[in-house]
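Trainee: Next up is a structure, given as structure tokens.
The values are calculated or read from the model by the stated rules, or taken from the named source; none is laboratory data. Since the structure is predicted, the reported quantities are computational estimates derived from the model, not experimental observations. Every residue, glycine as well, gets a Cβ built from its backbone with ideal geometry; the counts of neighbours run over all protein chains shown. When the accessible area is computed, the model is the full protein with side chains, heavy atoms only, and any ligands, DNA or RNA have been set aside. Shrake-Rupley method; radii C 1.70, N 1.55, O 1.52, S 1.80 Å.
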Amino acid sequence: MAALRRLGTAVDGNFQGATGGMVPPPSPRILTPNGRPSAPNRREEGAVANGGGSSPGLAALRPTKKAPRGKVYLATAGGKPGKRAPFWQAALVVSIVLNIWLFLHPYVNDTAHPPHHHLQQEHQEACLTHPDAADRSAVDSGRRRARLEEPVPKAWAAGAPSTGKPAVTPDSVINLDHGDPTMFEEFWRGTGDAAEIVIPGWQTMSYFSDVGNVCWFMEPGFNHEVRRLHRLVGNAAVDGYHVLVGTGSTQLFMAALYALSPPADTNGGAPMSVVSTAPYYSSYPAVTDFLQSGLFRWAGDANSFKGDTYIELVCSPNNPDGTIREAVLSSDSGIAVHDLAYYWPQYTPITKRADHDIMLFTVSKSTGHAGTRIGWALVKDRDVAKKMTKFIELNTIGVSKDSQLRAAKVLKAVSDAYEMPEGKEEQHRLFDYGRRKMVERWSMLREAAATSGIFSLPEETSAYCNFANETASTNPAFAWLRCDREDVEDCASFLRGHKILTRSGSQFGADPRYVRVSMLDRDDAYDIFVKRLSSLK
């Protein structure tokens with residue numbers, strides 16, 4: 001560009017205006033073979049029509065005298081052809097123009113693909129393949145360029161979120177090991193925009209949400225919707241309780257262990273014992289001992305525990321067998337933590353309003369939004385609530401506000417549907433939908449077990465549900481299935497041989513003849529499961 005400026009100065013010179021100031025020089029015009037200049041552009045035409053306007057040089061661009069054919073002249077400010085340009089100058093101008101065009105050509109062509117296009121695809125490819133640094137450095141640049149030029153899959157280009165597990169076929173391995181609550185997808189598809197949310201780019205950027213609250217990173221809207229839903233369902237007291245938010249109820253469980261355990265330099269340096277009645281949730285031992293903390297340790301089945309100082313975990317309805325539980329230990333120095341993740345009307349009758357010292361809940365099992373990773377705790381004691389909040393602060397510096405806002409909108413949609421007039425939102429009532437699905441699935445499972453003849457299930461129970469105002473059966477989120485065939489000692493291994501994945505009873509402190517089966521998968525997977533189970537003899 002500097003060379004161009006020097007060339008322009010040499011050819012045109014400096015043009016002075018009437019006042020002596022610098023004015024833009026007119027562009028050099030190439031004369032056509034008949035001696036006429038090329039047609040002016042619209043700006044030039046306007047300048048000429050207006051007598052030149054503010055650019056005297058443009059007014060001078062008028063047809064010049066006819067030049068001899070076959071010769072190239074440069075037009076001057078006066079509109080007359082100047083001296084014939086030497087051939088080398090014309091060649092130099094053409095060369096410069098070509099070089100500029102070649103330099104800009106790749107950028108012009110790249111406008112069809114935004115600058116981030118290749119970066120996005122490379123990032124997606126890395127996420128899928130997970131190569132380590134050595135592998136990446138060894139990749140040939142030509143092969144990398146070829147991969148980057150491949151078209152981006154439509155779902156990636158649109159930024160579509162994942163759909164979780166893929167669809168199944170009659171020959172698929174049916175994975176019912178995890179309690180992935182995809183059964184609820186059908187319900188939420190039918191609610192329209194009731195649970196949708198748009199978060200502006202500037203929102204939720206601060207660490208802080210409500211600095212006057214014990215749980216300072218909790219969104220006020222989430223706090224409000226949690227209390228509102230519990231008052232609607234009647235499954236837990238909220239007045240006089242602190243609401244804490246966590247990344248799922250698992251983080252809150254860990255926070256409770258931290259808050260309830262004495263300092264490591266007290267109690268003779270012995271860690272706090274953590275117990276639960278077998279069969280207990282399989283993650284309790286794993287989470288308790290994962291970091292091998294000096295504050296607490298897993299001590300096994302509460303029924304066999306000997307001692308006065310402990311934390312008893314009470315899961316009710318129980319995971320894995322769905323029974324209603326109460327604490328089995330009693331001591332002045334013992335503390336109970338109640339895990340009420342499944343105490344919702346789709347799984348069990350709501351017989352009373354729970355009012356324990358610490359109660360844990362999660363959107364994972366209440367609404368099915370496991371991927372949102374939001375749980376909450378209701379805590380009576382302020383000091384315990386502050387210590388639990390401190391654990392989350394040190395662990396993750398708070399909880400995602402985006403997830404909290406989504407969870408609040410979901411809980412609001414659930415409550416709104418029940419506060420509408422009768423007939424208005426009945427098809428969008430979550431707990432009614434959940435009860436219908438669970439009753440249907442348990443009926444199918446009991447029929448399949450009876451047809452097979454080698455499996456047994458806990459007896460069905462029922463009670464009056466204060467929420468539904470009627471007697472309702474228990475429909476646990478998991479089936480506690482026993483294989484009664486004499487030659488089968490490990491039911492999980494037996495079912496695995498028939499492409500059914502479950503969780504062995506041994507992981508729950510129970511007999512391996514039992515397995516836990518998730519009842520919350522999609523319809524296609526569940527239908528294949530019960531059909532396959534009924535065929536086993």
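Trainee: Can you tell me the accessible area per residue over the stretch 204-419, all protein chains present, probe 1.4 angstrom, in square angstrom? Spell out each step's value before the answer.
Mentor: Numbers: 8470 Å² over 216 residues.
Per residue, the stretch 204-419 has 39 Å² of solvent-accessible surface.
Trainee: Right, something else. Using the charge dipole of the stretch 204-419 (Lys, Arg: +1 at Cβ; Asp, Glu: -1 at Cβ; taken about the Cα centre), state which of T351, W376, S403 has its Cα farthest towards the positive end.
Mentor: With unit charges placed on the Cβ atoms, the residue in question is S403.
Trainee: Over the stretch 204-419, what percent of the accessible surface lies on carbon and sulfur atoms, probe 1.4 Å?
Mentor: Within the stretch 204-419, the accessible surface is 50 percent carbon and sulfur.
Trainee: Note the direction-averaged projected area, equal to a quarter of the hull surface, for the Cα convex hull of the stretch 183-268, in nm².
Mentor: Orientation-averaged projected area of the Cα hull: 9.6 nm².
Trainee: Here's something else I'd like to know. Once you sort the root eigenvalues of the Cα gyration tensor of the stretch 273-322 as a ≥ b ≥ c, which label holds: rounded (a/c under 1.5), prolate (a/b larger than b/c) or oblate (the other case)?
Mentor: Verdict is oblate for the stretch 273-322.
Trainee: Give me the accessible area of R297, 1.4 Å probe, in Å² rounded to the nearest 10.
Mentor: In the full protein context, R297 sits at about 110 Å².
Trainee: Any idea what % of Cα-Cα pairs in the stretch 350-501 are farther than 21 Å?
Mentor: The share of Cα pairs beyond 21 Å in the stretch 350-501 comes to 64 percent.
Trainee: Separate question: Would you mind checking the pairs K165/K380; K412/K499; K352/K531; K165/K365; K380/K401; K165/K352 and listing those with alpha carbons more than 28 angstrom apart?
Mentor: Violating the 28 Å limit, Cα to Cα: K165/K380; K412/K499; K352/K531; K165/K352.
Trainee: How much accessible surface does I335 have with a 1.4 Å probe, in Å² rounded to 10?
Mentor: 50
Trainee: Continuing with the same structure: As a test of reading the structure, rank D511, D355 by solvent-accessible area (1.4 Å probe, protein chains only), most first.
Mentor: Largest accessible area first, the list is D355, D511.
Trainee: Roughly what % of DSSP beta bridges within the stretch 204-419 run antiparallel, to the nearest 5? Present the calculation step by step, with values, prior to reporting the outcome.
Mentor: Values: 10 of 27 bridges.
About 35 percent, rounded to the nearest 5.
Trainee: Got a sec? Charge dipole of the stretch 204-419, +1 on Cβ for Lys and Arg, -1 for Asp and Glu; which of A259, F305, T362 is way out at the positive end?
Mentor: Of the candidates, T362 comes out farthest on the positive side.
Trainee: Sticking with this one: The stretch 253-348: Rg/Rh from Cα coordinates, Kirkwood Rh?
Mentor: Rounded to two decimals, Rg over Rh is 0.98.
Trainee: How much accessible surface does K412 have with a 1.4 Å probe, in Å² rounded to 10?
Mentor: K412 has an accessible surface of roughly 80 Å² with all protein chains in place.
Trainee: Taking the Cβ of S443 as the centre, find all other residues whose Cβ is under 15 Å away and add up their charges (Lys, Arg: +1; Asp, Glu: -1). List each step's numbers first, then the result.
Mentor: Numbers: positive: R435, R436, K437, R441, R446, K531; negative: E440, E447, E459, E460, D523, D527.
With Lys, Arg at +1 and Asp, Glu at -1, the net is 0.
Trainee: Moving to a separate point now. Find out how many positive minus negative residues lie around Q346, taking Lys and Arg as positive, Asp and Glu as negative, among other residues whose Cβ is under 10 Å from that of Q346.
Mentor: Around Q346, the charge tally is +3.
Trainee: I need the Debye-formula profile for the stretch 204-419: one equal scatterer per C-alpha, no solvent, reported as log10 I(q)/I(0) at q = 0.08 1/Å, two decimals.
Mentor: Taking Cα atoms of the stretch 204-419 as identical point scatterers yields -0.26.
Trainee: Here is a follow-up. Expected output is a single nm value to one decimal: the length gained when fully extending between E489 and D193, i.e. 0.36 nm times separation in residues minus the C-alpha distance. What is it?
Mentor: 101.6 nm
Trainee: Still on this structure: Per residue, what volume in Å³ does the convex hull of the Cα atoms of the stretch 407-492 enclose?
Mentor: 127
Trainee: When all alpha-carbon pairs of the stretch 204-324 are counted, what percent fall beyond 19 Å?
Mentor: The proportion of pairs with Cα distances above 19 Å equals 60 percent.
Trainee: Same structure, new question: Between T351 and Y207, what is 0.36 nm times their sequence separation minus the Cα-Cα distance? Round to one decimal in nm.
Mentor: Values: separation 144, 0.36 × 144 = 51.84 nm, distance 3.93 nm.
Difference between extended and current length: 47.9 nm.
Trainee: Still on this structure: So what's the net charge close to D239: Lys and Arg +1, Asp and Glu -1, counting the other residues with Cβ under 10 Å from its Cβ?
Mentor: Result for the local shell: +1.
Trainee: Using the Karplus curve 6.51 cos²θ - 1.76 cosθ + 1.60 with θ = phi - 60°, what ³J(HN,Hα) values do you get for each residue of the stretch 484-496, in whole Hz, with x for Gly and Pro?
Mentor: Once rounded to whole Hz, the list reads 9, 5, 5, 8, 10, 9, 10, 5, 4, 5, 4, 5, 4.
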